Amino acid sequence: MRFIFYQSTFLKGIPKSFTTVAELIKFVTMVIFTCSGQHSAVNAGQYDYGGWMPNCPMTLQLPPPTTKGETSEATMLQTFPDINTTVQGMATLWLLSKKSSD
């Protein structure tokens, strides 16, 4: 028995074919885990970290600093996104981090 999976050029780590049912079962199990339990575990804590804008700004108005310790407060304030972008980003993170009601 041979299962063939046509691999796109942008996908990595996906076998071109499965030679046994056990290989197929292992692959499908990994896909289910990655799309459910692992995604939930990683996604649930995003707001805890990204809810404070300097940790995870949605956009930057200027390029990020390249040399540590040479940035002034004025430059940082010019670099950070405007308040509307920040609020939209925080709301998105909050919604994505919220447990599903269904």
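So which residues in the range 34-59 are outside any helix (DSSP H, G or I), of a type in the set (A, V, I, L, M) and closer than 15 Å to Gly89 by Cβ, if there are any at all? Break it down stepwise before answering.
Start the filter on the range 34-59 by keeping residues that are outside any helix (DSSP H, G or I), which leaves 44-45, 51-52, 56-59.
Next, from what is left, pick out any that are of a type in the set (A, V, I, L, M): 44, 58.
Within the range 34-59, Met58 is the sole residue that qualifies.
Considering only residues that are open to solvent by 100 Å² or more (accessible area, probe 1.4 Å), at pLDDT below 90 and out of contact with any helix residue (DSSP H, G or I) (no Cβ under 7 Å at 6 or more places or on another chain), which ones fall in the range 84-98?
Our first condition is that a residue be open to solvent by 100 Å² or more (accessible area, probe 1.4 Å); within the range 84-98, this holds for 84, 88, 94-95, 98.
Pick out the ones that are also at pLDDT below 90 and you get 94-95, 98.
Correct list: Leu95, Lys98.
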Cross-chain or 6+ apart pairs with Cβ under 6 Å, the range 31-45 first and small (Gly, Ala, Ser), then open to solvent by less than 80 Å² (accessible area, probe 1.4 Å): Ala44/Ser97
Of all residues making up the range 61-102, the number that are within 23 Å of the chain's Cα centre (by Cα) and assigned to a helix (DSSP H, G or I): 16
Subset of the range 62-83 (residues that are open to solvent by 100 Å² or more (accessible area, probe 1.4 Å) and closer than 19 Å to Gly51 by Cα): Leu77, Ile83
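The values are calculated or read from the model by the stated rules, or taken from the named source; none is laboratory data. Keep in mind the model is a prediction, meaning the values are calculated, not measured. Because the Cβ atoms are built from the backbone with ideal geometry, glycine has one as well, and the counts that use them run over all protein chains shown. Remember, those area values only see protein heavy atoms, side chains included, never the ligands or the DNA or RNA. Shrake-Rupley method; radii C 1.70, N 1.55, O 1.52, S 1.80 Å.
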